[in-house]
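Notes follow once the structure below has been shown.
Taken together, the values in this text are just the output of simple stated rules run on the coordinates, not laboratory data. Because the structure is predicted, anything quoted here is derived from the model rather than measured. So basically every Cβ, Gly included, is an ideal-geometry build from the backbone, and we count neighbours across all protein chains shown.
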Ligand code: ASP
């Protein structure tokens with residue numbers, strides 16, 4: 001039997017075309033994206049294409065991600081060898097981690113997009129979609145969790161970040177590097193397996209709110225104070241290795257008594273520390289006051305994990321223990 005790759009389109013620049021009022025907007029469906037990729041007929045693979053959303057990725061929400069997770073699982077249950085999701089690049093890393101955490105299958109699930117729209121000179125969408133399909137077919141990609149394929153590089157969901165506003169080389173996995181490369185069209189994977197954690201993607205997740213608060217020099221915490229009790233959990237994108245100004249500590253500690261507060265770093269690379277600094281507002285001080293360690297997860301990814309855990313009814317200790325898996 002021929003392998004089958006299911007392509008699910010969500011929108012994004014890869015599917016955009018000029019609008020009458022100026023600028024590009026989502027316009028193309030999954031069929032049109034597939035039709036624009038040369039060389040697919042030679043792969044000996046069946047491709048099925050469906051358009052689930054046609055949105056710029058800043059406008060996707062947890063209900064869309066839940067629907068996507070269901071759609072991917074359905075394709076795999078119906079015998080797809082792998083699934084490719086085409087998606088806007090602005091939030092691709094959050095969607096990738098959401099899929100990584102909610103799909104219980106070793107089959108490759110690959111998310112891709114484009115930095116240049118189809119009508120631009122040097123559009124990268126077709127090459128990225130071709131590479132993503134090749135990875136979705138690769139036996140070596142099984143068990144690696146959700147992957148992001150851009151610019152002939154294969155990134156793991158828990159590592160990948162968009163690191164540039166416009167470059168076609170915008171995607172990196174800081175500190176770890178890509179899990180593999182595409183060489184002459186062929187995936188060469190050296191990846192580490194995904195962390196063995198599967199959480200349910202339920203409708204409950206959309207009803208929850210997790211705030212992401214980035215700490216800045218001279219921050220007195222007013223933004224956090226005004227959050228009041230509007231949030232079910234908070235991720236703090238702390239300074240450096242996980243620090244806040246001394247003046248913010250009482251407020252952060254008070255929040256940590258009420259809701260889970262996860263401490264990540266705004267630096268964009270590396271793990272939050274645990275035991276190095278001892279001043280008020282240091283990581284040691286904040287963990288003593290009940291904050292939860294984000295490990296290597298960056299703030300946006302820590303928010304996805306926290307939101308899924310809260311939707312699953314996890315208590316503070318379970319949340320802390322789960323984040324420990326990402327050390
Ligand atoms: N703003 C676009 C989006 O995320 C960017 C892209 O797709 O590259 O939908």
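Please label the shape of the chain as rounded, prolate or oblate, based on the square roots a ≥ b ≥ c of the eigenvalues of the alpha-carbon gyration tensor (a/c under 1.5 means rounded; beyond that, a/b larger than b/c means prolate, else oblate). Prolate shape, in that a/c is at least 1.5 and a/b is the bigger ratio.
Using 0.36 nm per residue of separation minus the Cα-Cα distance, give me the extension gain between residue 246 and residue 206 in nm, one decimal.
Gain on stretching residue 246 to residue 206: 11.0 nm.
The stretch 98-151 and the stretch 36-69 have Cα centres spaced 10 Å apart.
Taken over the C-alpha atoms, the stretch 51-131 has Rg and Dmax values of 12.9, 39 angstrom. In the stretch 4-189, Cα pairs under 8 Å separated by at least six residues give a relative contact order of 21 percent.
The simple spin-label model puts a point 7 Å past each Cα toward its Cβ; for residue 120 and residue 315 those points are separated by 5.0 nm. Taking label positions 7 Å along the Cα-Cβ direction at both residue 229 and residue 186, the computed distance is 6.2 nm, reported to one decimal.
Please say if the stretch 4-189 is rounded, prolate or oblate, where rounded means a/c under 1.5 for a ≥ b ≥ c the square roots of the C-alpha gyration tensor eigenvalues, and otherwise the choice is prolate for a/b larger than b/c and oblate otherwise? Rounded, because the longest to shortest axis ratio a/c is under 1.5.
By the count of neighbouring beta-carbon atoms within 10 Å, fewest first, 116, 2 end up ordered 2, 116. Sorting 57, 19, 265 by the number of Cβ atoms found within 10 Å of their own Cβ, with the fewest placed first, yields 19, 57, 265. The modelled label-to-label distance for the pair residue 21/residue 78, using points 7 Å beyond Cα in the direction of Cβ, is 3.5 nm. For the stretch 169-188 and the stretch 261-293, what is the separation of their C-alpha centers, rounded to whole Å? A separation of 30 Å, based on Cα centres.
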